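Novice: There's a structure below that I have some questions on.
The values are calculated or read from the model by the stated rules, or taken from the named source; none is laboratory data. Since the structure is predicted, the reported quantities are computational estimates derived from the model, not experimental observations. Using ideal geometry, Cβ is built from the backbone for each residue, glycine included, and neighbour counts are taken over all protein chains shown.
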Amino acid sequence: VVSDLVAISSISKAGQSDVILEFNWDSDMNQAISEVRERLDAVFLPEDAEKPLILKYDPSLDPIIRLGLTGGSDLFFDRYVAEEQIKRALETVPGVAAVKVKGGFEEEIRVDLN
């Protein structure tokens, strides 16, 4: 048993298994990783299996909010509004770490050479 472990889930397919371990919020994650690594080292895996990889996930890096913008049929203009007005306004809000714009059409310049 690993200390402060709250839940275990897994997603497996041929040749791969992802196991997700959830811990209490106040857990010492360095200690938890050390315990998990110790337990994994004691497991006998098939010869051709790769050594398990332990990744630390930080939920604070996930987006807090996602916004959708709908407008007319001009996706170039919608993208312009999102980048030049909405994004710039949100970036000035205290505590906002990043604002990303996805979708719409980006302006392009086409050059034809004769």
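Novice: Name the residue that is modelled with the highest pLDDT, counting only residues in the range 70-87 that are loosely packed, with under 13 Cβ neighbours inside 10 Å and not polar (S, T, N, Q).
Specialist: Once the filter is applied, the top-ranked residue is E84.
Novice: List, please: which pairs have Cβ atoms under 7 Å, are six or more places apart or on different chains, and start with a residue in the range 1-23 that is farther than 17 Å from P59 by Cα and end with one that is among the acidic types (D, E)?
Specialist: Here the result reads V2/E35; S3/E35; S10/D18; I11/D18, each pair linking the range 1-23 to a residue that is among the acidic types (D, E).
Novice: Say we look at the range 40-92 and pick out the residues that are without any contact (Cβ under 8 Å) to a residue 12 or more places away in the chain and among the basic types (K, R); which of these is nearest to I20 (Cα to Cα)?
Specialist: Among residues in the range 40-92 that are without any contact (Cβ under 8 Å) to a residue 12 or more places away in the chain and among the basic types (K, R), the one nearest to I20 (Cα to Cα) is K51.
Novice: Then there is this: Could you please find all residues in the range 24-44 being closer than 17 Å to Y57 by Cβ and basic (K, R)?
Specialist: Once the filter is applied, which keeps residues that are closer than 17 Å to Y57 by Cβ and basic (K, R), the range 24-44 yields only R37.
Novice: Moving on. Scan (1) surrounded by 11 or more Cβ atoms within 10 Å (Cβ to Cβ); (2) hydrophobic (A, V, I, L, M, F, W, C); (3) not assigned by TED's automatic domain parsing to the domain that holds A89; (4) not in a helix (DSSP H, G or I) for the single condition V43 breaks and write down its number.
Specialist: Checking V43 against (1) surrounded by 11 or more Cβ atoms within 10 Å (Cβ to Cβ); (2) hydrophobic (A, V, I, L, M, F, W, C); (3) not assigned by TED's automatic domain parsing to the domain that holds A89; (4) not in a helix (DSSP H, G or I), the one that fails is (1).
Novice: May I pose another question? I'd like to verify a number: residues in the range 101-114 that are loosely packed, with under 10 Cβ neighbours inside 10 Å and touching a residue at least 12 places away in the same chain (Cβ under 8 Å), how many?
Specialist: Count: 1.
Novice: Let me confirm something: among S60, S9, which residue is modelled with pLDDT of 90 or more and either closer than 30 Å to E108 by Cα or of a type in the set (S, T, Y) (or both)?
Specialist: Of S60, S9, the one residue that is modelled with pLDDT of 90 or more and either closer than 30 Å to E108 by Cα or of a type in the set (S, T, Y) (or both) is S9.
Novice: Identify the residue in the range 12-40 that is of a type outside the set (A, V, I, L, M) and assigned to a loop (DSSP other than H, G, I, E, B) and, among all such residues, is modelled with the lowest pLDDT.
Specialist: Once the filter is applied, the top-ranked residue is G15.
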